[in-house]
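To start, the structure under review is shown below, and the notes come after it.
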Amino acid sequence: MKTRLYYIIAMASSLLIAFSSCQKEDYEVFDKSVATRTSEYTAKIKDVLTGAENGWLFYYFPEKAASSMMTLAFSDTTVSVSSERNPSLTETSFYRVTFADGASILFDTYNSILHADATPSHSAYQGHGGDFDFRVISVCPDSVILQGVRNKTVCRMYPLKETSQSYLEKVRSNIDEIFVVQATGKVGGGDVIVNLDPDKRIFSIGRLGAMTSEFTNVHYIINEKGIQLEHPLEYNGEVFYDIRFDSEKNKLIAGNIVFDPVVPEGFLPYASYLGKYTMTTEKGSFPVELKQKEKGLSYYLGGLNPNYSVEVQYKKASGSLEIVYQELGVYENVKYLMCPFDSDSGYYTWTAGIGLAGSVEDTSVDDFSISFVDNGIWANYNVTSFLIRRVDPETDKPTNDKVDPAMYFASGSDRLLRPAMKKIVE
Amino acid sequence: MKKYIKSLLLFAVVFTLAAACSEDKLSKDSVISGPATEKNAFDIWLDYNFLKPYNIDFHYRYDLKESNFSYVTVPADYDASIIYAHLVKYLCIDTYDEVAGVDFTKAYFPKMFFLMGEWEYDNNGNFTLGTAEGGKKIMLAGVNVLKQDIQKLSGDALIERLNQYYIKTVHHEFTHIINQTKPYPDNFKNITSTTYLAGKWSDSKRNNLEYGYITKYAQKEHVEDFAELLSEYITHDQAWWDAQLGKAGKNGADGASLLISKMDIVKDYMKASWGIDLDVLRDVVNRRTRDVAAGLVDLEDISIK
């Protein structure tokens with residue numbers, strides 16, 4: 001029995017020896033190690049990024065905000081960024097090329113231009129869908145395609161053929177020139193209408209007379225030639241990508257298709273709103289003035305209080321105004337907010353985007369009147385007015401503590417009840 | 001026969017043990033190495049002031065894996081990070097060096113700071129100033145707001161702001177870390193055990209002082225209560241503490257006696273567990289914060305001295 005056991009063990013050992021081997025002929029799929037290939041690839045990306053003489057155009061499409069054209073100039077460690085929003089401003093910060101699941105370009109110190117749409121706040125706790133960590137989809141000297149790690153939006157980079165400022169000035173010029181918000185034409189034999197929302201930079205196209213819910217939407221950006229869609233869009237057998245505006249003929253042209261602009265009812269150009277007004281509230285009337293803040297985008301509403309100006313948004317798509325929740329500033333170390341107020345229910349809020357929409361009924365007269373109504377964002381409540389609230393420094397939330405009279409509106413109180421404005425013709 | 005089998009078995013065992021791929025050699029190149037990042041002037045300053053003396057990684061460049069993906073966050077501003085690094089060094093590290101000795105700081109101060117540009121915002125209006133993890137890492141948020149505060153504020157207003165949003169956060173989180181290393185006595189938990197509010201702390205309208213809580217956030221749970229009490233105490237002076245007790249005792253409330261009972265335990269714990277006199281620590285923190293507000297500390301200098 002014992003002999004048989006030894007015999008079995010001996011046979012098993014012999015078989016083990018016979019089949020064990022050193023696999024000396026490893027088949028190498030790659031001729032270099034992972035580390036070498038990774039560092040070579042990231043070095044190649046850096047070479048491409050730093051190799052563009054004038055830097056790069058950056059077609060940037062944040063998920064929840066309007067697109068913006070930027071320029072990026074890379075050194076080995078830093079990136080200098082400018083944007084169509086202010087072509088003369090450049091801000092430099094750090095970046096690095098990383099490699100985890102794949103190669104990424106990470107803009108890893110803050111840049112107020114590049115990170116603007118990614119930045120959260122009290123009123124937009126998830127930011128505006130911007131990315132600053134991008135997976136590299138493809139890279140070559142002619143183009144770099146990136147995808148945001150968080151929001152998955154695809155952005156494109158192309159080498160700049162001129163200086164950043166001169167290019168972005170062309171973009172600014174196109175932004176000012178293309179104020180078409182609606183146009184009609186024929187596509188694939190059918191009558192269609194296109195809407196261009198300049199505030200959100202959304203192009204939508206649909207059958208004339210159709211509900212807007214049936215329209216096809218795509219983000220667009222303004223480049224040196226005109227409008228470019230986020231990606232080619234097929235509609236009625238036609239493909240739309242680049243669309244230009246012929247200002248002499250007042251036509252919107254996409255290849256062989258020509259659209260005729262339409263001016264929406266109640267539309268007033270940005271410049272028409274500038275000037276002096278009488279504001280009327282339930283607490284009395286007083287003079288105010290709309291001055292340019294950011295051309296084509298916003299105004300300062302002066303005259304409410306010498307310690308602050310209220311910001312008024314110009315809605316390009318409708319040629320109308322909007323006043324929403326905002327911070328008024330800090331007085332005596334206390335922060336004050338202007339909160340949208342439902343004066344019928346007594347509730348107020350401090351949520352971004354909620355406020356009053358202002359529109360002109362008769363745009364044919366010079367001394368037009370602007371009436372304000374709820375802008376439709378505050379569910380279940382109706383904004384009629386604004387009130388001022390001071391912020392609790394511990395919770396950073398508005399409180400019902402007494403507002404310093406120095407911060408009162410010109411109405412003599414912390415409330416701006418049911419405002420309306422009438423333009424003064426001088 | 002048995003003898004041959006035994007010999008064969010012995011040979012097989014020796015051969016198996018001796019069998020080896022003698023030609024296998026380890027590569028000199030690591031397969032997990034990543035792209036190197038060139039050090040800038042601030043990195044070198046950090047090496048000199050944080051890494052070499054204290055083995056602290058002051059991580060100011062954004063890294064997704066260090067952040068909380070539940071929140072939308074952005075990187076810290078480079079210049080603001082320099083300011084924050086100076087504040088942490090002068091107001092926290094140097095403070096503990098002075099009060100508890102450099103060995104204490106080296107042993108217990110967190111080994112990693114991670115900076116983020118904005119606060120971590122919740123959808124209910126609350127936001128997080130910082131967090132402590134595993135006794136080793138402190139995340140500090142709102143770095144980019146610090147830059148604006150330093151530019152706008154001065155004097156007492158700056159001191160109050162620095163304490164409330166930044167430096168108190170470091171002391172608060174460091175308190176969690178030392179608590180995780182040596183727990184505080186259970187009787188602290190019992191003093192106001194029935195009135196903690198958990199997640200409802202920010203919605204509460206009650207007067208926190210009258211209930212024996214130094215801040216609204218202290219009402220959340222005993223762990224935060226302890227850290228708030230300690231960090232608020234050392235970032236204010238005696239007059240402030242007396243004023244809080246005065247408010248806490250108003251309208252016949254027993255908030256003052258509750259606060260004093262809890263503060264006694266905090267002080268005893270710090271003395272018995274760590275040999276730190278909290279009043280001495282408070283004096284040093286206050287003195288150093290006044291130095292910063294008076295402009296005696298160059299918060300932008302990253303030259304190596």
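The values are calculated or read from the model by the stated rules, or taken from the named source; none is laboratory data. These figures come from a predicted structure and were not determined experimentally. Neighbour counts run over all protein chains shown; Cβ positions are idealised from the backbone, glycine included.
Computed values, structure above
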quantity	calculated
Output for the stretch B:35-82, where each listed residue is within 13 Å of chain A (Cβ to nearest Cβ), under 19 Å from the mean Cα position of the chain (by Cα), modelled with pLDDT of 95 or more and not in a loop (DSSP other than H, G, I, E, B)	B:HIS59, B:ALA80, B:SER81, B:ILE82
Pairs, first more than 10 Å from every other protein chain (Cβ to nearest Cβ) in the stretch B:126-147, second small (Gly, Ala, Ser) and surrounded by fewer than 19 Cβ atoms within 10 Å (Cβ to Cβ), C-beta under 8 Å, six or more apart	B:MET139/B:SER67
Scope the stretch A:26-55; condition surrounded by fewer than 17 Cβ atoms within 10 Å (Cβ to Cβ), touching a helix residue (DSSP H, G or I) at 6+ places or on another chain (Cβ under 8 Å) and either charged (D, E, K, R) or closer than 19 Å to A:ASP76 by Cα (or both); matching residues	A:LYS32, A:ASN54
Matching residues in the stretch B:213-228 - criterion: being free of Cβ contacts under 8 Å to residues at least 40 places away in the same chain and surrounded by fewer than 24 Cβ atoms within 10 Å (Cβ to Cβ)	B:THR215, B:LYS216, B:TYR217, B:LYS220, B:GLU221, B:HIS222, B:GLU224
Exclusive hit being touching a helix residue (DSSP H, G or I) at 6+ places or on another chain (Cβ under 7 Å) and modelled with pLDDT of 95 or more, set A:PRO141, A:PRO159	A:PRO141
Number of positions in the stretch A:391-416 that are in a strand (DSSP E or B) and within 14 Å of A:GLY284 (Cα to Cα)	2
So A:GLU177, is it more than 21 Å from A:PHE267 (Cβ to Cβ) and of a type in the set (Asp, Glu)	no
Inter-residue pairs, beta-carbon under 6 Å, first part of a helix (DSSP H, G or I) and in the stretch A:266-286, second exposed (fewer than 14 other Cβ atoms within 10 Å of the Cβ), 6+ apart	none
Failed criterion for B:ALA294 (all others in (1) closer than 18 Å to B:GLU232 by Cβ; (2) of a type outside the set (Val, Ile, Thr); (3) surrounded by fewer than 19 Cβ atoms within 10 Å (Cβ to Cβ); (4) touching a helix residue (DSSP H, G or I) at 6+ places or on another chain (Cβ under 9 Å) hold)	(1)
Meets criteria (of a type in the set (Gly, Ala, Ser), out of contact with any Cys (no Cβ under 9 Å at 6 or more places or on another chain) and farther than 22 Å from A:LYS315 by Cα) for A:GLY237	yes
Single condition B:LEU162 does not satisfy, out of (1) touching a residue at least 40 places away in the same chain (Cβ under 8 Å); (2) in contact with a helix residue (DSSP H, G or I) (Cβ under 7 Å, 6 or more places away or on another chain); (3) closer than 23 Å to B:ILE260 by Cα	(3)
Count of the stretch A:195-221 residues which are under 23 Å from A:VAL154 (Cβ atoms) and of a type in the set (A, V, I, L, M)	5
Strands (runs of 3 or more DSSP E) wholly inside the stretch A:74-134 containing at least 2 residues that are more than 18 Å from the chain's Cα centre (by Cα) and crowded, with 19+ Cβ neighbours inside 10 Å	A:86-94, A:96-99, A:103-106
Output for the stretch A:347-372, where each listed residue is in contact (Cβ under 8 Å) with a residue 40 or more places away in the chain and either at positive phi or part of a strand (DSSP E or B) (or both)	A:TYR348, A:GLY353, A:LEU356, A:ALA357, A:GLY358, A:SER359, A:VAL360, A:SER369, A:ILE370, A:SER371, A:PHE372
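The rows are residues; the columns are (1) under 19 Å from A:ASP133 (Cβ atoms); (2) without any contact (Cβ under 8 Å) to a residue 24 or more places away in the chain; (3) touching an Asp or Glu at 6+ places or on another chain (Cβ under 8 Å); (4) away from chain B (no Cβ under 14 Å).
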site	(1), (2), (3), (4)
A:ILE45	yes, no, no, no
A:THR50	no, no, yes, no
A:SER75	no, no, no, no
A:GLU84	no, no, no, yes
